[in-house]
Amino acid sequence: MCRIVGLVNAALPEEEVAQLVGKMNNRLIHGGPDAQQLQHFPGCHFSLGHCRLAIIGIAPSGNQPMQYAPTADVIAYNGELYNYRELKVELQQQGCVFTTDTDTEVVLAAYATWGTDAFARFTGMFAFALWDSSHNKLLLVRDSAGIKPLYYAHTKEGLAFASEVKAFADVPWLQEPNHQWPVYLMAYGFLPEPVTTLRQVQPLEKGTCAIYNFADNSLQKKVFRRQKFSSTITDTATAIQMVKQQFTAAVQRHMIADAPIGVFLSGGLDSSLIAKTAAGFTSRLNTVSLFFKEEQYSEKKYQDIVRQQIEAAHYQHLLTSNEFNNCLPDIINAMDLPCGDGINTWFISKYARQTGLKAVLSGIGSDEIFGGYPSFSRMAATNLLQQLPASILKMGRLFAAKKFKRLAYLGLGGINGRYLFLRGQFTPEDIAARLQLSPEEVWRTLQEIQFPDISHLSNGDQACWMEMNIYMQNQLLRDADVMSMAHGLEIRVPFLDSSFTDTVLSIAPGIKFGGSVKKGLLVEAFKEVLPSEVWNRPKMGFSFPFKEWFSNPMYASFAGIDDLRQPHAALCNGQLHWSQFFSLMLVKYKYGS
């Protein structure tokens, strides 16, 4: 896992392009502490940078940018290809010769052999830039689940790209801010793609290859893989068997590493299942857990149940409010894009790295594909409500209760309206008042985000699509990447293994979301493996005692911001959720609005 940057600008001297890329690269060293290298391409006004976190093929021969000798193609790669060994054998049979033990070289050989068709054959998480020397083109590629980030700006000056938006801070022509981002943060709790804090910078869509032509500064996009929902698996016994087999295989694939690897063990169903499955493939497993003095949030007793059943090196850390207070400024500074979450990932990643780990497995994706959120049971009613006349929906803002005020969001139409009704942080009127905008301005901004029409899907699959492509994509995966890489740690997500996800999305909704307990299909597949205390209990999530900790009087004027006093009082009185308060803090503190 690594960080990549690059810049093309034909109007600048090549030396200046190289200097800018060096500055961009330096901003991302935290994500690639093992090696940093640049490569310049004479005559192209193009430079490429890479910061390496060595996990597979850790020898210096795996440093990047890497050139593939037979074609002279060059890559800067951020990711892991879990099926690289199988692909390598196939490529060797076709005459390819390899000089390293890295998956990076397999990506180069696969492109040289199969062209862009290679990308659909990759099982893994990746975002990379590949210079095609024979055609003088540059390819930007992002995995189909959107696990790894890749941001770019295509302007009249040329092309710039990086693994984090903060890397663009030294590119003079890309500094125009996006003044609308606070509206999105307060509505969603994060910035939904394609929104960033810079007007000209956007994320590359997942499952997409963007092809840049140096000759005319043009950019074309090609989709190589997309999620597909179907109901081809209609037998419960078959579904259980396939979930069991495919998940076990996914975890085994995700254990590939030449560096120490572990599991985030929260004590919940998903992390416990990963830990118990992973323990079957290695005698050197590590688990990392957090617990709290506040008993209502601590899952230590469940962690201990699982710990006693597997052979592994276990690390538990007691996280206190004092440590939270001391570290919060560093956490905010580690953020790339503003988000009302990620604090938990920052802490657990910190302690995982301190134990000597470079890679960990996480349970992200399970709730989204197996129906672990309340939205799955509420989608049918939400769809019915959205059919009401817009005039009636707008009347929701007249009510005092937040759940009625959010009815107005359904007037946006589509899945974004349903998402904001179910999960929105602030109502449009609240956003307008707090940002000193008119309600009309807020509505116009929110209407700019368009998601695909998914009305043809069942209610359960609509919730699944929504949670995967809005919440997970823009909050969970982004936070997992940025907050872990802030400590030079890689997070792997076996529930989002492409083969496994394809299988689950092809199961009929009645089977996939059925059962008498949450995520019943997953439980049924593994209930003989997991202790009942773990799966037969209320869901807690990866929760912290944030409400109690943010109630500390120091946050009423955090960093001298006096206009946090009113929302802080509302937080302490139970009138404001901690995530709402944190979003307001970000607007006022780090991003200066």
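Computed from the coordinates by the stated procedures, all read-outs in this text should not be read as laboratory data. Predicted, not measured: the structure shown is a model, and the values here were computed from it. Quick reminder, even Gly has a Cβ in these numbers, built from the backbone with ideal geometry, and neighbours come from all protein chains shown.
When only Cα pairs below 8 angstrom with a gap of at least 6 residues are kept, the chain shows a relative contact order of 16 percent.
In region 267-354, inverting the average of 1/r over every pair of distinct C-alpha atoms gives 14.4 Å as the Kirkwood radius.
Seen from all directions on average, the chain presents a Cα convex hull projection of 26.2 nm². For region 94-158, the set of trypsin sites (Lys or Arg not before Pro) satisfying both a DSSP loop assignment and a count of at most 12 other C-beta atoms within 10 Å is given as Lys156.
Residue separation times 0.36 nm, minus the C-alpha to C-alpha distance between Met395 and Ser133: what's the value?
Additional length available on full extension: 88.3 nm.
Placing one equal scatterer on every Cα of region 77-140 and applying the Debye formula, the log10 ratio I(q)/I(0) at q = 0.13 Å⁻¹ is -0.31.
Kirkwood hydrodynamic radius computed over region 249-405 comes to 18.5 Å, based on all pairs of distinct alpha carbons. Taking a ≥ b ≥ c as the square roots of the eigenvalues of the Cα gyration tensor of region 180-304, is the shape rounded (a/c under 1.5), prolate (a/b larger than b/c) or oblate? Cα axes put region 180-304 in the prolate bin. Using only alpha carbons, region 73-228 has a radius of gyration to Kirkwood radius ratio (Rg to Rh) of 1.01.
Against the empirical curve 2.2 N^0.38 Å, the C-alpha radius of gyration of region 11-155 lands at a ratio of 1.02.
Size of region 343-388: Rg and Dmax of its alpha carbons, in Å, are 17.9, 56. Diffusion of region 106-195 by Stokes-Einstein, at 25 °C in a medium of 0.890 mPa s and with Rh set to the Kirkwood radius over alpha-carbon pairs, works out to 159 µm²/s. With the convex hull drawn over the C-alpha atoms of region 183-222, the volume per residue is 73 Å³. Each 5 Å bin, from zero up to the one with the longest distance, holds this percent of the alpha carbon pairs of region 222-282: 3, 14, 18, 18, 17, 15, 11, 4, 0. Extension gain, Glu429 to Glu176: 0.36 nm times the residue separation minus the Cα-Cα distance gives 88.4 nm. Screening the chain for whole DSSP H helices of 24 Å or more along their axis (Cα) with average Kyte-Doolittle hydropathy at least -0.5 returns 236-254.
If I take every Cα pair under 8 Å that is 6 or more residues apart in region 76-149, average their sequence separation and divide by the length, what percent do I get for the relative contact order?
Averaging sequence separation for qualifying contacts and normalising by length gives 36 percent for region 76-149.
Between Val97 and Arg226, take the C-beta separation as r, use R0 = 30 Å, and let me know the FRET efficiency to the nearest 0.05. According to the calculation, E is roughly 0.35. Sorting the Cα pairs of region 496-584 by distance into bins of 10 Å, from 0 upward, gives 14, 28, 17, 20, 19, 2 percent per bin. Computed over region 108-153, the P(r) curve from all C-alpha pair distances, binned at 5 Å from the origin, holds 5, 20, 30, 26, 15, 5 percent per bin.
With viscosity 1.567 mPa s and temperature 4 °C, the Kirkwood radius over alpha carbon pairs of region 127-169 converts through Stokes-Einstein to a diffusion coefficient of 112 µm²/s. Taken about its Cα centre, the chain carries a charge dipole of about 1300 debye when Lys and Arg each add +1 at the Cβ and Asp and Glu each add -1 at the Cβ. Expressed as a fraction of 2.2 N^0.38 Å, the value expected for a compact globular protein of N residues, the C-alpha radius of gyration of region 377-460 is 1.07. Taking only the C-alpha atoms of region 12-69, the Rg (one decimal) and the largest Cα-Cα distance, Dmax (whole number), read 12.3, 37 Å.
Need the C-alpha centroid separation for region 291-361 versus region 481-538, integer Å. Result: 20 Å between the Cα centres. Across region 156-248, the convex hull enclosing all Cα atoms gives 180 Å³ per residue.
Kindly count the pairs of lysines across region 53-181 whose alpha carbons are less than 25 Å apart, treating pairs on different chains or eight or more residues apart as eligible.
Eligible lysine pairs with Cα atoms under 25 Å apart amount to 6.
Provide the gained length on full extension for the span Asn573 to Ala11, in nm with one decimal, where the gain is 0.36 nm per separating residue minus the Cα-Cα distance.
Length gained, Asn573 through Ala11: 196.6 nm.
Extents of region 365-523, taken as max minus min of Cα coordinates on every principal axis and listed largest first, are 46, 41, 26 Å. When the alpha carbon gyration tensor of region 438-593 is reduced to an equivalent ellipsoid, the three semi-axes, largest first, read 36, 23, 17 Å. Per-residue ellipticity at 222 nm computed for the chain from its helices equals -10500 deg cm²/dmol, with DSSP H segments shorter than 4 residues left out and the rest contributing -39,500 (n - 2.57).
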